[in-house]
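Structure first, then comments.
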Amino acid sequence: MHLTSDLDLTPEALRAVLDLAHEVKRTPARFSKTLAGQYVTLLFEKPSLRTRLTFELATKQLGGDAVASIGPIAEREPVKDVARNLDRWTQGIVARVFSQTTIEELAKWSKVPVINALSDLYHPCQALADVQTMEERFGALDGLKLAFVGDGNNVAHSLMLTAGRLGMHVAVAAPENYQPNPEIIAEASKFAEITITTDPREAVEGASVVYTDVWASMGQESEAAERTRIFAPYQVNEGLFAKARPNAIFLHCLPAKRGLEVTDAVMESPRSAIFDEAENRLHAQKALLMMLLK
């Protein structure tokens, strides 16, 4: 089984991996030998703090080990050749890439599980940690509203697909030309209430979770000045956050550009759960590795 996108986890598997993530966090020592003798390849085309270190730590804390390759995956040889080398040496491939097609090509040729650690379309591992954090705060998520404010990017896509399947109403507020992929909206709308708007106040009104991400991701640096101008009304500040429910939490996948997509006051608010969210990358990915490799 591969995790190329969020929907590769069936609803039952999604529930199982989250239950396991909660259990791993409560009793980490119980799982310390689960991946003994197992090795994971980390392929990273993009720089990373949380994703790379938490996957490496997750593998090692489960008794296995990880090896890393940094840089373009298909620069020296085709992706299909890379995949068929790695599946002879290691028991899993974790890839953080620019293009979803790279993930799909790895999965097509690899005989061992391939995990999408980020692509231009999806960020499923982040979404798992996000919903784990939400469940810690609220318990069952059915009927709660999640507001995503900013660029309708890979994080927004994965939240619609993952939080939506847990019963959340997902509202995305983005400028007209920066809204989520229509095909992914249509897919998520089959099983969830999805609202797409250009009005951040409409999205945040009554939300239990307010989420944002950087306005210009890696590879979009040349657009940064233009995006800063366009996205300025979408900043999550104290005024916008006040539209959410009184017990609402703030989430951000990090790294954040403080003073742009979010103010320092919101980042440092007692209702900010960003570092719980970052910690849960470790636990959610432990659960995912155990499910796929074992």
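Taking the stated definitions as given, is ASP120 surrounded by fewer than 23 Cβ atoms within 10 Å (Cβ to Cβ) and under 21 Å from VAL214 (Cα atoms)?
yes
Here is a yes/no grid of residues against (1) within 21 Å of the chain's Cα centre (by Cα); (2) under 17 Å from LEU292 (Cα atoms); (3) touching a residue at least 60 places away in the same chain (Cβ under 8 Å):
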residue: ASP6; (1), (2), (3): yes, yes, yes
residue: ALA21; (1), (2), (3): yes, yes, yes
residue: LYS46; (1), (2), (3): yes, no, yes
residue: GLN91; (1), (2), (3): no, yes, yes
residue: VAL94; (1), (2), (3): yes, yes, no
residue: THR101; (1), (2), (3): yes, no, no
residue: GLU104; (1), (2), (3): yes, yes, yes
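Any idea which of VAL209, VAL172, VAL155 is in contact (Cβ under 8 Å) with a residue 24 or more places away in the chain, in contact with a Gly (Cβ under 9 Å, 6 or more places away or on another chain) and among the aliphatic types (A, V, I, L, M)?
After ruling out the rest, the residue left standing is VAL172.
Scan (1) in the same structural domain as PHE250 (by TED's automatic domain parsing); (2) within 14 Å of the chain's Cα centre (by Cα); (3) over 15 Å from ILE249 (Cα atoms) for the single condition ALA117 breaks and write down its number.
Single failed check for ALA117: (1).
Is it fair to say SER217 is assigned by TED's automatic domain parsing to the domain that holds ALA147, hydroxyl-bearing (Ser, Thr, Tyr) and more than 25 Å from ASP19 (Cβ to Cβ)?
When the stated conditions are applied, SER217 passes them.
Going through the range 112-147 one residue at a time, which ones are touching a Pro at 6+ places or on another chain (Cβ under 9 Å) and farther than 19 Å from GLN285 by Cα?
Answer for the range 112-147, where residues must be touching a Pro at 6+ places or on another chain (Cβ under 9 Å) and farther than 19 Å from GLN285 by Cα: just ALA147.
For the range 41-80, what are the residues that are of a type in the set (D, E, K, R) and either surrounded by 21 or more Cβ atoms within 10 Å (Cβ to Cβ) or farther than 17 Å from LYS286 by Cα (or both)?
Result: GLU45, LYS46, GLU75, ARG76, GLU77, LYS80.
Here is a yes/no grid of residues against (1) at pLDDT 95 or above; (2) within 15 Å of GLY143 (Cα to Cα):
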position	(1), (2)
GLU205	yes, yes
TYR211	yes, no
SER217	no, no
GLN220	no, no
GLU223	no, no
THR228	yes, no
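The values are calculated or read from the model by the stated rules, or taken from the named source; none is laboratory data. These numbers were taken from a predicted model, which means no experiment stands behind them. All Cβ positions, even for glycine, are placed from backbone atoms using ideal geometry, and neighbour counts span all protein chains on display.
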